[in-house]
Each structure stands twice: as C-alpha cells, then as structure tokens.
1. Over the chain, what lengths in whole Å, largest first, do the semi-axes of the equivalent ellipsoid take, defined as the square roots of 5 times the eigenvalues of the alpha-carbon gyration tensor?
2. How far is helix 329-345 tilted, in degrees, relative to the longest principal axis of the Cα atoms in the chain, given as a value from 0 to 90 rounded to the nearest 10?
3. Which ³J(HN,Hα) values in Hz, rounded to whole numbers, follow from the phi angles of segment 234-241 under the Karplus curve 6.51 cos²θ - 1.76 cosθ + 1.60, where θ = phi - 60° and Gly and Pro get x?
4. Is there a quick way to get the dipole size of the chain? I mean about its Cα centre, with the Cβ of Lys and Arg at +1 and of Asp and Glu at -1; what is the value in debye to the nearest 20?
5. Compute the length gained on full extension between Glu76 and Ala198: take 0.36 nm times their separation in residues and subtract their Cα-Cα distance, giving the result in nm to one decimal.
6. Would you grab the residues whose amide H sits under 5 Å from the one on Ala465? Only those 5+ places off in sequence or on another chain, please, with H modelled 1.01 Å from N.
7. Quick one: of the DSSP bridges fully inside the chain, what percent are antiparallel, nearest 5?
8. Could you work out how far apart the two model spin labels at Ser400 and Arg312 are, taking each label as a point 7 Å from the Cα in the direction of the beta carbon, and quote it in nm?
Amino acid sequence: MAEKIKNLIHGKWVEAESKKTFKSISPADTSEVIGIVPQSEPEDVEKAVEAARAAFREWALTPAPRRGEILFRAAETLTKKKRELGELVAREMGKVMPEAMGDVQEAIDMTYYMAGEGRRLGGETIPSELPNKDAKSVRVPIGVIAQITPWNFPIAIPSWKITPALVCGNTVVFKPSSETPVCATRFVEILHGAGLPAGVLNLVHGAGGTVGEAMVKHSHVNAVSFTGSNPVGEKLAALCGSLHKHFTMETGGKNPIIVMDDAHLELAVEGCIWGGFGTSGQRCTAASRVIVHEAVFGDFLEAFVERAKRLRLGSPLDEKVDVGPVINESQFKKILGYIEIGQKEGARLVCGGKPYRKGACARGYFIEPTVFTEVKPKMRIAQEEIFGPVVSILKVRSLSEAIAVANDIPFGLSAAVYTQDVNASAIAERDLDTGIVYINASTIGAEIQLPFGGTKRTGLGPREAGGRGGALDLYTKWKVVYRDFSGKLQRAQIDKE
Ligand code: NAP
C-alpha cells in the first residue's frame with residue numbers, strides 16, 4: 001500500500017499548496033509504489049523558511065544540553081524502530097538488508113553523538129596581551145540552514161546534516177532526494193516526535209530544480225549544505241558565492257584501492273568486492289578503481305572475477321542477496337552507457353556488463369557486477385564517476401606509480417591500500433590525496449565520530465560528521481569577545497610596547 005506523506009511546516013503535516021503529488025517507486029520492483037509525495041513549489045518553501053526564521057531565536061537561546069536531550073530521545077526511538085526503518089530503506093532505495101540496517105545504525109550513532117555534543121559545544125578562552133582583559137571565542141549558530149540530500153544514504157545522510165545543525169542551535173529547512181522521500185519523512189517524524197518546537201525542523205518535498213533552488217535563493221536562508229552530484233553542487237556553490245551565503249558540499253568520488261605485491265590477497269579481494277559492488281556501487285566512497293601491482297595481477301584478477309560472479313542479485317529484502325538494484329531508469333541507462341564506453345575505449349570486459357532480468361528482477365533496475373581489465377588511467381571509465389556496479393582494474397609496477405594513478409583524477413574522497421609493509425602504508429597514507437585513507441580495509445565504512453569529506457572536486461567547506469574540525473565547524477560561526485576590566489583605556493598595539 002502506497003503511503004501518503006506530507007511536508008512538515010511549522011510543526012504541522014501539510015500537503016503542497018498546489019495539492020500536486022508525485023510517486024516514490026521501488027527500484028527493485030517498479031510496480032511497487034512506496035509513497036505519494038507532495039510536489040511542492042516555491043510558495044511551500046516560502047512558508048517553511050518563514051517558519052524556520054520565526055523559530056530561530058528561541059531555539060538558539062535554548063541551552064545546548066536541552067537541545068541535545070531532544071536528539072537523545074530521537075536516537076532512542078530510532079533504535080527501537082531500526083528493523084522497520086531498515087526494511088523501508090531496502091524497499092525505497094534498494095539497498096540489501098544488512099546495508100539498509102547499517103544506514104539506520106549510522107543515523108542512530110550520529111544522533112546519539114550529536115546529542116552528546118550539546119554538552120561539548122565549547123569555544124576557547126585565550127590569554128589576552130593586556131592585563132585585566134580576557135579574550136574568548138564562542139560558537140554561535142548560523143541561522144536558517146537549507147539542507148539538500150541525495151538518495152544513496154536515505155536516513156544516514158539526513159542525520160549527518162540535521163542533527164549537528166540542530167544541536168548547534170540552527171533551524172532547518174530540509175529537502176530530501178525525490179527518490180527516497182518516505183525514508184526522509186520517517187526520520188523527520190522521529191525527530192519531531194522527540195519534542196522539537198514547531199518550525200525548528202521543516203521538511204519540503206519536491207523537485208530539486210524547483211524546491212532546492214528556491215531554498216538556496218531565499219534571502220532568509222543563511223547557509224546551504226548540499227550532498228549530491230557535481231553538476232548540481234557546483235551550480236549551487238556559484239549561486240551561494242554570489243549571494244554571500246555559507247555553503248558546503250560533498251559530491252562525487254572515484255575511489256581507488258591499491259593492492260601491493262605483498263598484500264594479503266584474500267583480504268584484498270573481499271575488500272575490493274564489497275567496496276566495488278556493495279550498495280550496487282552507489283556509494284560516494286565506492287571502490288570503482290582497483291590498482292594492482294603487476295606481480296600479483298594475474299592471481300588477483302582471477303580471484304576477484306570468480307568472487308564477483310558468485311554475488312547473488314535479487315530482492316533487497318531477501319537476506320541471502322548480496323547486490324540489489326540501481327536506483328532508477330536514468331542511472332540504469334547511464335551505467336550501461338559507461339559499460340559501452342569502456343568497451344569502445346579498448347578496455348576488456350571480463351565479467352558482467354548486462355542488465356540482470358532473472359525472475360522478479362525483470363521488474364527492477366538490476367545490472368550484473370561488471371569488471372573491466374586492460375584499463376588505462378586516462379580512460380573515461382577510470383576517470384568519471386559511474387555510480388554503479390562497475391569496477392576498473394589497472395596494472396602498475398610500483399607503489400609510486402600506484403599512488404600517481406590513484407591521485408590522477410578530479411576527485412579525492414576515499415582511498416585504500418593493501419600491503420603488509422609498514423613503510424609502504426606510511427607513504428600511501430601521506431601521499432594519497434583524499435579526505436579518507438584506509439590501510440588494509442576497503443574504501444567504505446567511515447565512522448561518524450570522525451570528519452567525513454573529500455579533497456579536490458569532491459568537497460568544499462568544512463567536513464560533515466565528527467565534532468570539532470567537522471560538523472560543529474559546519475554549523476556554527478565564531479564570535480570573539482574581548483572584555484576589559486581594567487577601568488582604563490588600554491590599546492593593544494601601543495600599550496604593549
Ligand atoms: P543529485 O542529482 O545532485 O541530487 C542531490 C539532491 O539535490 C537531491 O535532493 C536533488 O533533488 C537535489 N537537486 C537536484 N537539482 C537541484 C537544483 N538545481 N537545485 C537544488 N537542488 C537540486 O545527486 P543524487 O543522484 O541524488 O546523488 C548521487 C550523487 O551524490 C553522486 O555523485 C554521489 O557521489 C554523491 N554523494 C556524495 C557524497 C559525499 O559525501 N561526497 C555522499 C553521498 C552521495 P531531486 O531528487 O528532486 O532531483
């Protein structure tokens with residue numbers, strides 16, 4: 001049964017003013033409608049932004065530990081509903097159950113973590129140059145934050161954005177991906193049900209180009225946090241620059257795993273399999289390039305292809321399934337298009353390459369796990385984000401060549417190296433130009449208590465997740481306060497001579 005969902009504006013669940021709707025469809029079975037969703041317009045955005053603006057001052061003055069307590073209650077509810085939410089993620093987004101449960105667990109972890117940050121939102125007290133004067137920096141909220149999220153972590157990414165923004169004292173207008181609006185609604189319902197005052201968190205569904213852009217352009221929106229594709233992110237970055245708004249984005253990746261000649265090969269094969277084909281390759285941290293030392297290339301390739309062929313495709317709700325569908329028709333066509341491009345470029349297709357249509361999979365967007373070898377570093381399949389179950393394997397002769405190939409792309413999110421040589425691991429850690437480096441583990445599996453984000457065209461602005469140096473820097477601005485209690489005129493530049 002399709003669920004009818006609504007926007008949340010000033011604490012009330014409402015339809016779009018226009019009453020128009022769109023459908024959220026399961027990618028595993030396109031005959032299953034998951035939700036009927038408001039197709040909002042700028043007039044709905046206007047109401048949501050005004051609600052967030054009106055709620056801002058009182059929320060900002062609410063002690064941060066009290067704000068944290070609301071998040072703590074939400075984390076408790078998320079924990080109780082983990083299975084139900086996991087099944088919804090599997091149905092609406094198409095992740096297999098263990099990954100869908102992991103998506104929810106990440107939101108649980110993030111919400112508890114940010115609840116705790118309510119008691120840690122400290123600044124600094126620093127000695128002044130002058131006597132009888134003190135100096136400190138304090139974190140203050142930014143104001144109304146517009147948050148725009150993708151579909152690939154439909155509960156986790158909203159939690160990365162919303163919970164730190166709220167604990168820092170901001171109010172939020174949230175536009176989730178149109179592919180996963182029901183998951184987003186469920187998360188917002190839980191936060192709302194935990195006791196957020198009206199207007200502190202507002203949810204507006206609808207098309208990115210209409211609702212998202214209206215949010216970003218609104219003069220009462222003070223900051224924008226975006227996660228999604230490069231073309232959209234770069235457009236919004238330019239817009240926010242011209243409007244002088246705080247802006248952060250996390251966008252695409254083309255993440256490499258280096259397998260050295262001394263690697264524990266079985267471990268490396270498993271890491272490359274789950275990094276490459278987990279979530280059908282639709283993670284921003286997916287390992288879409290595997291860079292293998294020539295001494296172990298043959299053995300690695302044989303084991304990797306054999307393992308890829310054994311992956312089971314099917315319903316994400318079936319616990320025995322390894323790989324689910326890709327998200328929608330346009331991604332399905334784009335991925336198959338890249339498989340064609342790879343062959344035309346001269347890469348050798350050694351596994352997969354076709355839609356998978358067995359049984360009930362015929363009603364969904366399934367693609368066989370696909371492996372290319374004889375891939376050259378400058379080929380498009382080795383440079384561009386495909387965001388599907390397609391892995392390119394490249395051969396190198398040394399660690400320095402591997403690192404050069406790994407870095408020679410426009411993105412810089414995650415990278416991994418498999419080696420048992422401590423010196424090689426130290427060099428890789430130092431020289432890989434990515435926001436995250438894994439040693440003897442795959443490119444996926446970031447933990448929420450550390451900053452998350454990338455270099456080059458992957459990231460802009462402070463990182464997501466983490467505390468200081470991460471999300472707290474994203475959602476607060478610094479105010480510096482000097483207090484002179486000397487009772488006389490003291491001038492820093494002159495009186496210190
Ligand atoms: P997308 O097409 O850019 O959409 C992301 C969000 O932006 C959606 O909510 C979308 O709304 C909205 N949007 C689209 N056009 C807009 C516009 N003109 N103005 C404002 N908002 C707009 O990306 P996606 O396909 O959902 O996600 C996949 C991408 O996200 C991949 O490139 C992946 O690497 C990246 N990603 C990056 C990270 C990271 O941390 N680096 C994490 C996850 C995903 P609609 O859904 O209504 O179009």
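1. For the chain, the ellipsoid semi-axes come out as 40, 30, 19 Å.
2. Tilt relative to the chain: about 50 degrees.
3. Calculated HN-Hα couplings, in order: 5, 5, 5, 4, 5, 4, 5, x Hz.
4. 1180
5. Length gained between Glu76 and Ala198: 41.8 nm.
6. When sequence neighbours closer than 5 places are left aside, the close amide H contacts are Phe452, Ala471.
7. Of the beta bridges lying entirely in the chain, close to 45 percent run antiparallel.
8. Reported label-point gap for Ser400 and Arg312 is 4.8 nm.
Only the coordinates and a few stated rules stand behind these numbers; no lab work does. Computed from a prediction, not measured in an experiment: that's the story for all the values here. Cβ atoms come from the backbone with ideal geometry, glycine included; neighbour counts cover every protein chain shown.
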